[in-house]
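The values are calculated or read from the model by the stated rules, or taken from the named source; none is laboratory data. Treat the numbers as computed from the prediction; the structure is a model and nothing was measured. With ideal geometry, Cβ positions are generated from the backbone for all residues, glycine too; neighbour counts draw on all protein chains shown. Remember, those area values only see protein heavy atoms, side chains included, never the ligands or the DNA or RNA. Shrake-Rupley method; radii C 1.70, N 1.55, O 1.52, S 1.80 Å.
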Amino acid sequence: FADQYSIGWIGRRVVFDLRTEMFDRMIQLPTRYYDHHSSAALVAKLIYDVEQVALATTMAVRVLIKDSLLTVVLLGWLAYLNWQLTLIFLTVTPIAAVIIRVASKRFRTTSEKIQISIGRISHVSKEAFQGHRILKAFGGYQQEAQAFGEANLQNRRQAIRKAAVAAASVPLLLLFVGCNVAGVIYLAMTGATGSFISAGTFASYLAAILMLMAPIKRLAKVNELVQTGVAAAASAFKILDEKIEPSGGERSEVRLSGSIEFKNVSFCYDHDKPRALSDLSFSLKPGETVAIVGESGSGKSTIASILLGFYTDFEGEVLLDGESIRGYQLICLRQNIALVPQDGILFDDTIERNIRYGMSKDEQQIEPILEATQIKNFSHRLPAGLDTKIGEGGGRLSGGQRQRIAISRGLYRDAPILILDEATSALDNIAEEEVRNAIRQISFGRTIIMIAHRLATVIDTDCIYVLQGGRIVESGSHSELLSRNGYYNALYRNQLESELEGGEVPNPRK
């Protein structure tokens, strides 16, 4: 009982501690790391790889210690009985070493490939489950089944290769050891070593050799667990060795005024890709509301990512309250900026906890926000009201309801800078106008950056910056830009015509 329970306790503690450290490290990794690594593969490392490490640090270590000690004792007894025969018996050691070395290399290689295949299986499964509506709507069953089948087949192939090595290495080792034992018995019985040994000594020697076979077999077999654990540990500790997101500079002001200035900022996500921003310059005064518009891929959302410190390897200078953004601590920087993203990322929790995500509860602050975003219009019809769980990604709510919650979360942060990245795109025209008016009232005095694709949503902003290919090609108020008959005018007319052709009724207030 003590043996089994202790091993089980140690194994679970290894899993618990390693997973805790890995998760803490993962959530602090830079944004660029997530740009190049699948989230499903990271989850696979957190679940599968850690379990393999636990097996290696419990069952494998247990066998290694116990059977290694037993092997040493038995070899010592054999040497004591007849050292000449024992030396002959040990001639199998180099052959055993070669077999174990080759098997170890194969075990580690196949284990690494199995880990990769598990990550691929997780990735394909996650995409299929999360995109089940698109899968059903477009009939993508065969395509997803084929992708999963390929990942599953790769996993099976590697597992079979590993099983083949495991099945061959132990019998092969025992075959050579058995031949050596047979030779030793023959030499002992014929007296070829120089003198006959007594019947009692022979019986004791033979018994010790036979006892030695079991630990040798277990030691050869545990090599599979050890090498699997080594490969998994390399994967797990590679995560722990990754550098976390830097903390930023030394400035830690409690609250900024909201002044923003971009000076000749250039940025690209990867060296082999074109620049997302190129020599970008613009400025915002505290309390000013500006819009950043342009076609998809023009660099609008990249501006928000740089302001939030997701990427710091840009060229040029970004100033907040006249000081370089690199001089602020990241925690301070992000406390002064509220983001409402286009996809309105929500967590599988209650409505209220999603609104105050990462912040403490304040009834006086949350009530006017609920009214402004009209969340109470639907929350009171839910079984538990604001305490209703919304499912993964808010799947139990409509798109408009999810976006209202995301807007509420941004407003609840009460930051001097508010970034709205297509924040009202899931709302109808009338609801959009009502929510935007409410945002203006609640956010009075804040600096607001409205990133928009639909130009009708930014008509009444203080200034509109028009991006094309990562550069500002025009700037000014809506009426000024229309009067120039330039790029903005063309975008606006095209959108207006598209809306009319699509049967959409423009909001009369616009």
Pairing a residue in segment 304-318 that is in contact (Cβ under 8 Å) with a residue 12 or more places away in the chain with any residue that is in a loop (DSSP other than H, G, I, E, B), where Cβ atoms lie under 6 Å and the two sit 6 or more apart in sequence or on different chains, gives Ser305/Tyr311; Ile306/Phe314
In segment 369-401, anything assigned to a helix (DSSP H, G or I), open to solvent by 20 Å² or more (accessible area, probe 1.4 Å) and modelled with pLDDT under 85 is listed as Glu371, Lys376, Asn377, Glu392, Gly393, Gly399, Gln401
Among (1) part of a helix (DSSP H, G or I); (2) open to solvent by 40 Å² or more (accessible area, probe 1.4 Å); (3) modelled with pLDDT of 85 or more; (4) of a type outside the set (Lys, Arg), Val473 falls short only on (1)
When restricted to Gln342, Gln365, the only residue in a helix (DSSP H, G or I), open to solvent by 40 Å² or more (accessible area, probe 1.4 Å) and modelled with pLDDT under 90 is Gln365
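Can you list the strands (runs of 3 or more DSSP E) lying wholly within segment 229-318 that have 1 or more residues being touching a Phe, Trp or Tyr at 6+ places or on another chain (Cβ under 8 Å) and among the charged types (D, E, K, R)? Break it down into steps so the answer makes sense when it comes.
Working: elements: 260-267, 277-284, 289-294.
So the answer is 260-267.
Quick one: in segment 95-131, of everything that is charged (D, E, K, R) and either within 21 Å of His36 (Cβ to Cβ) or within 17 Å of the chain's Cα centre (by Cα) (or both), which residue is surrounded by the most Cβ atoms within 10 Å (Cβ to Cβ)? Working first, answer last.
Narrowing segment 95-131 to residues charged (D, E, K, R): 101, 105-106, 108, 112-113, 120, 126-127.
Then keep just the ones that are either within 21 Å of His36 (Cβ to Cβ) or within 17 Å of the chain's Cα centre (by Cα) (or both); that gives 112-113, 120, 126-127.
Details: Glu112: 18, Lys113: 18, Arg120: 21, Lys126: 16, Glu127: 17.
Among those that are charged (D, E, K, R) and either within 21 Å of His36 (Cβ to Cβ) or within 17 Å of the chain's Cα centre (by Cα) (or both), it is Arg120.
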Note to self: Condition (residue is at pLDDT 75 or above, open to solvent by less than 50 Å² (accessible area, probe 1.4 Å), in a loop (DSSP other than H, G, I, E, B) and at negative phi) applied to segment 438-450: is it met by at least one residue?
What the structure shows: yes
Within segment 282-301, the count of residues that are open to solvent by 10 Å² or more (accessible area, probe 1.4 Å), of a type outside the set (Phe, Trp, Tyr) and closer than 20 Å to Leu333 by Cα comes to 8
Exactly one of Leu90, Leu70 is touching a Pro at 6+ places or on another chain (Cβ under 6 Å), open to solvent by 60 Å² or more (accessible area, probe 1.4 Å) and farther than 20 Å from Ala167 by Cβ, and that one is Leu70
